[in-house]
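Derivation of every value follows stated rules applied to the coordinates shown; laboratory data play no part. Remember, predicted model here, so these are calculated numbers, not experimental data. Using ideal geometry, Cβ is built from the backbone for each residue, glycine included, and neighbour counts are taken over all protein chains shown.
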Amino acid sequence: MRAVYPGSFDPVTNGHLDIIERAARIFDEVIVVVFKNPEKKPRFSVKERVAMLKEATAHQKNVRVDSSDGLLSDYVRKVDARIILRALRVASDFDYEFQLALMNRKLEPSVETMFMVTTAEWSFLSSSIVKEVADLGGCIEGLVPECVNERLLKKRME
């Protein structure tokens, strides 16, 4: 079975990678899809985010990285997936994710949304927090893959 794990991944964190690794043990194929979020001002281009995800997941043979700028329901249909995978860090994430799941179900009734609860170790972690800490010169080692750490340091110096 094929699952699609969508997100903005700006940047990918170890929390995202935890979900990807666990999902890769459950599903035959996991497609990680970078979407543009019109409500967010991205630090990295879609191309950069895809590159970081590819580098961070290169060891996982059943994980593929892609990008899209359309509706998630259209993308899932296009790649013939039946599962949308979403991560929940804290209880407050559920309200928003529940609304998305219902809308995606309305748009594509044959697709199910499955939620994975983030490992407790990463429950505090978000891309926004990582960017803020990096911008202020804090250490983000161990929170993101090394390729992300290097790129954030480079962006800070620009």
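Quick check on the chain: take the gyration tensor over C-alpha atoms, sort the square-rooted eigenvalues as a ≥ b ≥ c, and tell me if it's rounded (a/c under 1.5), prolate or oblate.
Prolate shape, in that a/c is at least 1.5 and a/b is the bigger ratio.
Classify segment 1-86 from the C-alpha gyration tensor, please: rounded if a/c falls under 1.5, else prolate or oblate depending on whether a/b exceeds b/c.
The shape class here is oblate.
Going through segment 53-143, which chymotrypsin sites (Phe, Trp or Tyr not before Pro) have at most 12 other Cβ atoms within 10 Å and a DSSP loop state? If you can, show how the numbers build up before the last one.
Details: sites: Tyr75, Phe94, Tyr96, Phe98, Phe115, Trp122, Phe124; in loops: Phe124.
Here the sparse-neighbourhood loop sites are Phe124.
Rounded to whole Hz and in sequence order, give me ³J(HN,Hα) for segment 95-107 from the Karplus expression 6.51 cos²θ - 1.76 cosθ + 1.60, θ = phi - 60°, writing x for Gly and Pro.
For segment 95-107, the Karplus-derived couplings read 4, 5, 5, 5, 4, 4, 4, 5, 5, 5, 5, 5, 6 Hz, x marking Gly and Pro.
Could you list which residues have their amide H under 5 Å from that of Ile31, counting only those 5 or more apart in sequence or on another chain, with H placed in the peptide plane?
Ala3, Val4, Tyr5, Arg64
Check cross-link reach from Lys40 to the aspartates and glutamates: straight Cα distance under 18 Å, and skip same-chain residues fewer than eight apart.
Qualifying aspartates and glutamates at Cα under 18 Å: Asp10, Glu48, Asp69, Asp93, Glu97, Glu132, Asp135.
On full extension of the chain, what length is gained from Gln99 through Lys61, given 0.36 nm per residue of separation minus the C-alpha to C-alpha distance?
Length gained, Gln99 through Lys61: 10.5 nm.
Suppose every K and R has +1 on its Cβ and every D and E has -1 on its Cβ; what is the size of the dipole of segment 1-53 about the Cα centre, in Debye to the nearest 20?
220 debye
Tell me the label-point distance for the pair Arg2, Asp74, using the 7 Å Cα-to-Cβ offset, in nm and rounded to one decimal.
Placing both labels 7 Å beyond Cα along the Cβ direction yields 1.8 nm.
Please enumerate, by chain and number, the lysines with C-alpha under 18 Å from the C-alpha of Lys54, excluding those fewer than 8 residues away in the same chain.
Candidates past the 8-residue exclusion: Lys36.
Collect residues whose amide H, placed 1.01 Å from N in the peptide plane, falls under 5 Å from the amide H of Ser67; neighbours closer than 5 in sequence don't count.
Amide H to amide H, under 5 Å and 5 or more residues apart or across chains, Ser67 pairs with Val34.
Fewest Cβ neighbours within 10 Å first, please rank Ile140, Ile84 accordingly.
Details: Ile140 20, Ile84 24.
Ordered from fewest to most neighbouring Cβ atoms within 10 Å, Ile140, Ile84 come out as Ile140, Ile84.
Which lysines have a Cα lying under 18 Å from the Cα of Lys106, excluding residues fewer than 8 positions away in the same chain?
The reachable lysines, counting only those whose Cα sits under 18 Å from Lys106, are Lys78.
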